1. Determine whether the stretch 14-36 contains at least one residue that is hydroxyl-bearing (Ser, Thr, Tyr), out of contact with any Phe, Trp or Tyr (no Cβ under 7 Å at 6 or more places or on another chain), modelled with pLDDT of 80 or more and exposed (fewer than 11 other Cβ atoms within 10 Å of the Cβ).
2. Right, Thr43: at pLDDT below 90, closer than 30 Å to Thr153 by Cβ, among the hydroxyl-bearing types (Ser, Thr, Tyr) and not assigned by TED's automatic domain parsing to the domain that holds Tyr149 or not?
3. Taking His94 and the conditions (1) in contact (Cβ under 8 Å) with a residue 40 or more places away in the chain; (2) surrounded by 14 or more Cβ atoms within 10 Å (Cβ to Cβ); (3) more than 16 Å from Gln166 (Cβ to Cβ); (4) not β-branched (Val, Ile, Thr), which numbered condition does it fall short on, given that it satisfies the others?
4. Checking the conditions here, which among Ile107, Ile131, Ile127, Ile103 is exposed (fewer than 14 other Cβ atoms within 10 Å of the Cβ) and at pLDDT 95 or above?
5. Condition first: assigned to a helix (DSSP H, G or I), within 17 Å of Tyr149 (Cα to Cα) and basic (Lys, Arg). Can you find one or more residues in the stretch 53-67 that meet it?
6. Enumerate the pairs (first residue in the stretch 106-130 and within 26 Å of Ser76 (Cβ to Cβ); second residue anywhere and surrounded by 12 or more Cβ atoms within 10 Å (Cβ to Cβ) and among the basic types (Lys, Arg)) with beta-carbon separation below 7 Å, excluding pairs fewer than 6 apart on the same chain, so at least 6 apart or on different chains.
7. When Ile148 is evaluated against the numbered criteria (1) in a helix (DSSP H, G or I); (2) exposed (fewer than 15 other Cβ atoms within 10 Å of the Cβ), which criterion, by number, is the only one it fails?
8. In the stretch 74-84, how many are under 20 Å from the mean Cα position of the chain (by Cα) and either without any contact (Cβ under 8 Å) to a residue 24 or more places away in the chain or assigned to a helix (DSSP H, G or I) (or both)?
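The values are calculated or read from the model by the stated rules, or taken from the named source; none is laboratory data. The structure displayed is predicted, hence computed values, not measured ones. Heads up, the Cβs are rebuilt from the backbone with ideal geometry, glycines too, and the neighbour counts pull from every protein chain shown.
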Amino acid sequence: MNYCKKCGSVIPDGQTQCPNCIPEKNIDIENKLREAGNYVKNTATDILADCPDHTHTFEGYDILANRNYCILSYLSWLCVIPIFKCRSPYARFHANQGLILAIVSTILFLISGTVDFFLGNAFLLSIIPTILKILIRLVVAAYSCLGIYNAVTHKARELPLIGKFQLLK
């Protein structure tokens, strides 16, 4: 028969941990997970709060009439459709954001392809390009979802980090 060093209660045979002390560990793990979640939430909120909102510079009818073009802007290189088809300032704002995202994602995929070319044949290093490609896809998908969310909610907010660049007038 064993006794718990922390609380002194009896530990039943066949168990390695005290049944009275296990809930404390679970609470500690839950608190750490909650703190990590709050940190991620606060960081994301801070990043998104720094993105300028240009919605007030566009007319309401323009925003409502061209929402579909704005959504299309964030689907990779389909952003060229609103660039050539629509003359709306609001749609051009989103097309600019989508064009920048398409250019950055293409550059990142070219870099990951180069890394894959050089490290793809190495036995242990071949996992690096795979992880890199997955991360790039997740980031591009998150940016696309954020852009589509802004378009659906009738907002003209810049994308974090890359949205401040303007290629279209």
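1. Filtering the stretch 14-36 for residues hydroxyl-bearing (Ser, Thr, Tyr) gives 16.
Now drop any that are not out of contact with any Phe, Trp or Tyr (no Cβ under 7 Å at 6 or more places or on another chain), which leaves 16.
From what's left, modelled with pLDDT of 80 or more: none.
No, the conditions are met nowhere in the stretch 14-36.
2. On the way: at pLDDT below 90: yes; closer than 30 Å to Thr153 by Cβ: yes; among the hydroxyl-bearing types (Ser, Thr, Tyr): yes; not assigned by TED's automatic domain parsing to the domain that holds Tyr149: yes.
Yes.
3. (3)
4. Just one listed residue meets the conditions, Ile107.
5. Scanning the stretch 53-67, I find at least one residue that is assigned to a helix (DSSP H, G or I), within 17 Å of Tyr149 (Cα to Cα) and basic (Lys, Arg), so the answer is yes.
6. Between residues of the stretch 106-130 that are within 26 Å of Ser76 (Cβ to Cβ) and residues that are surrounded by 12 or more Cβ atoms within 10 Å (Cβ to Cβ) and among the basic types (Lys, Arg), the close pairs are Ser112/Lys133.
7. Only one criterion is unmet by Ile148, namely (2).
8. Initial filter on the stretch 74-84 (under 20 Å from the mean Cα position of the chain (by Cα)): 74-77, 79.
Checking the rest, the ones that are also either without any contact (Cβ under 8 Å) to a residue 24 or more places away in the chain or assigned to a helix (DSSP H, G or I) (or both) come to 76-77, 79.
The number of residues fulfilling the criteria is 3.
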